[in-house]
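The block underneath contains the structure these notes are about, expressed in structure tokens.
None of the figures in this text is laboratory data; all of them are computed from the coordinates on show. This structure is a prediction, so every number in the text was calculated from the model and none was measured. Methodologically, a virtual Cβ is constructed for each residue, glycine included, from the backbone with ideal geometry; neighbour enumeration extends over all protein chains shown.
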């Protein structure tokens, strides 16, 4: 006869869930401080203007959420620095 696995105590389940949530939050926090070169698509080739547009839009959103607002003039300057009009 096969023996059934023992039931996990509720406190142990709660602790495991809390640890998983804490570890995920720590991973996300570390991700916010990783270098920009860690963009999921890898380094963006200069000739790929669509990828550059997506990257700059995502970076602006991240910056506004975590650092502070980005004025339209600043954003236009950064776009010009990347060869976008």
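Of the peptides 62-68, 50-56, the ranking by mean beta-carbon count within 10 Å, highest at the top, reads 50-56, 62-68. Convex hull volume of the C-alpha atoms in region 45-85, normalised per residue: 62 Å³. Approximating the spin labels as points 7 Å out from Cα along Cα→Cβ, the residue 17-to-residue 64 distance works out to 3.5 nm. Spin-label pair residue 10-residue 79: with each label point 7 Å from Cα along the Cα-Cβ axis, the two points sit 5.6 nm from one another.
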